[in-house]
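Structure first, then comments.
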Amino acid sequence: MFNDIGPLELVTLIVLAVLVFGPDKLPKLIQDATRTIRKIREFSESAKQDIRQELGPEFKDFEFEDLNPKTFIRKQLDNDELGLKEIRNGFDLKKEMAEVTDAVHGRDAESSSSSSASGTSGSAGGAIDMTKKPENPRDERPPYDADAT
């Protein structure tokens with residue numbers, strides 16, 4: 001609840017409370033505040049129990065924290081029924097980038113995958129240097145489609 005209050009701020013609040021309320025009234029004020037907070041928590045818990053009883057046995061595992069949108073989305077994304085983990089684990093970024101660069105350079109996917117698997121990609125770490133010009137510059141222009149532009 002007070003995770004963002006630092007020690008200096010806490011000392012400042014205590015000194016301010018002593019100055020405003022005085023040292024003789026401060027303990028009674030703290031007792032009244034804690035009693036009020038305890039009553040509010042009890043009221044909240046009893047309201048939650050009443051709602052659970054009214055909803056019936058099919059909602060016995062219902063958690064009110066799930067009503068928070070962030071918690072709800074996090075819980076749904078961690079659910080294995082959607083198969084998101086398989087999709088995330090099945091996506092190989094290096095392979096996809098190699099296929100894209102092969103398509104740009106006009107090479108076959110089979111020949112490039114065998115050369116990249118053997119480690120003869122020509123640059124360190126398997127990274128592709130996009131600033132280098134191709135070794136065999138072609139004089140052919142790419143096909144132009146007037147309808148596409």
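Could you pull the accessible area for residue 11 with a 1.4 Å probe, rounded to 10 Å²?
80 Å²
Along the Cα-to-C-beta direction of residue 5, a point sits 7 Å from the Cα; which residues of the range 24-46 have their amide N less than 20 Å from that point?
Residues passing the 20 Å test: 24-42.
Which FRET efficiency, nearest 0.05, do residue 65 and residue 12 yield, Cβ-Cβ r, R0 35 Å?
Using R0 = 35 Å, I get an efficiency of 0.60.
Just in the range 1-60: which chymotrypsin sites (Phe, Trp or Tyr not before Pro) are loop by DSSP and have at most 13 other Cβ atoms within 10 Å?
Passing sites in the range 1-60 are 2.
Just flag the trypsin sites (Lys or Arg not before Pro) in the range 30-71 sitting in loop per DSSP whose Cβ has no more than 12 other Cβ atoms within 10 Å.
Answer by residue number: 60.
Gain in length, residue 101 to residue 87, computed as 0.36 nm per residue apart minus the alpha-carbon separation, to one decimal in nm?
Here the answer is 2.8 nm.
How would you classify the range 2-51 from its alpha-carbon gyration tensor, with a ≥ b ≥ c the square roots of the eigenvalues: rounded for a/c under 1.5, else prolate if a/b is greater than b/c, otherwise oblate?
oblate
Taking θ as phi - 60°, what are the ³J(HN,Hα) couplings along the range 38-54 by the Karplus curve (6.51, -1.76, 1.60), each to the nearest whole Hz, with x for Gly and Pro?
4, 5, 5, 5, 4, 4, 5, 5, 5, 5, 5, 5, 4, 5, 4, 5, 6
Rolling a 1.4 angstrom probe over the protein chains, ignoring ligands and nucleic acids, what is the accessible area of residue 45 in square angstrom, nearest 10?
Accessible area of residue 45: about 90 Å².
The values are calculated or read from the model by the stated rules, or taken from the named source; none is laboratory data. Just so it is clear, the model here is predicted, and its values are computed rather than measured. Note that each Cβ is placed from the backbone with ideal geometry, even for glycine, and that neighbours are counted across all protein chains shown. Only protein heavy atoms, including side chains, enter the accessible area calculation; ligands, DNA and RNA are left aside. Shrake-Rupley method; radii C 1.70, N 1.55, O 1.52, S 1.80 Å.
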